[in-house]
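Taking it in order: structure first as C-alpha cells, then the write-up.
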Amino acid sequence: MHVMDQRRLRDEKMAQLKAGTTAYAESAELIRLMKRGIERENLLVHDDETNVGCWFIPLY
C-alpha cells in the first residue's frame with residue numbers, strides 16, 4: 001500500500017474509535033500511525049498488540 005492509503009485507513013479507523021467502535025490494524029506502519037493519532041488526539045484507548053496485528057479498543 002502507498003503512504004496515502006495508510007493515512008486514509010488511519011483516518012477511517014480513528015473515526016471508528018471516536019464512534020466507540022473497536023478498530024484493527026495489521027501492518028506495522030498502520031499501527032504506528034494509529035498510535036500516533038491516538039496520542040495526538042488524547043483518546044483513551046487500550047491497544048492489544050499481537051504478532052499478527054493490533055486491536056484498538058476505546059475505553060470510554
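Data overview
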{"quantity": "Amide proton proximity set for residue 22, modelled H, under 5 Å, gap of 5+", "calculated": "none"}
{"quantity": "Spin-label model distance (nm) - residue 57 vs residue 24, 7 Å beyond Cα toward Cβ", "calculated": "1.4 nm"}
{"quantity": "In Hz, Karplus ³J(HN,Hα) per residue of region 44-60 (6.51, -1.76, 1.60; θ = phi - 60°; x = Gly, Pro)", "calculated": "8, 9, 8, 10, 10, 8, 10, 6, 10, x, 9, 8, 10, 10, x, 10, 10"}
{"quantity": "0 to 90° range, to nearest 10: angle between helix 3-18 axis and the chain longest Cα axis", "calculated": "10 degrees"}
{"quantity": "Net length gained if the chain between residue 42 and residue 15 were fully extended (0.36 nm per residue, minus Cα distance)", "calculated": "8.3 nm"}
{"quantity": "log₁₀ of I(q)/I(0) at q = 0.16, 0.23, 0.24 Å⁻¹ - region 1-57, Debye sum with one point per alpha carbon", "calculated": "-0.40, -0.86, -0.93"}
{"quantity": "C-alpha long axis of helix 28-40 to longest principal axis of the chain, angle in °", "calculated": "40 degrees"}
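Each value in this text was obtained by applying a stated rule to the coordinates, not by laboratory testing. Quick caveat, the model's predicted, so the values are computed rather than measured. No Cβ is skipped: glycine too gets one built from the backbone with ideal geometry, and neighbour counts run over all protein chains shown.
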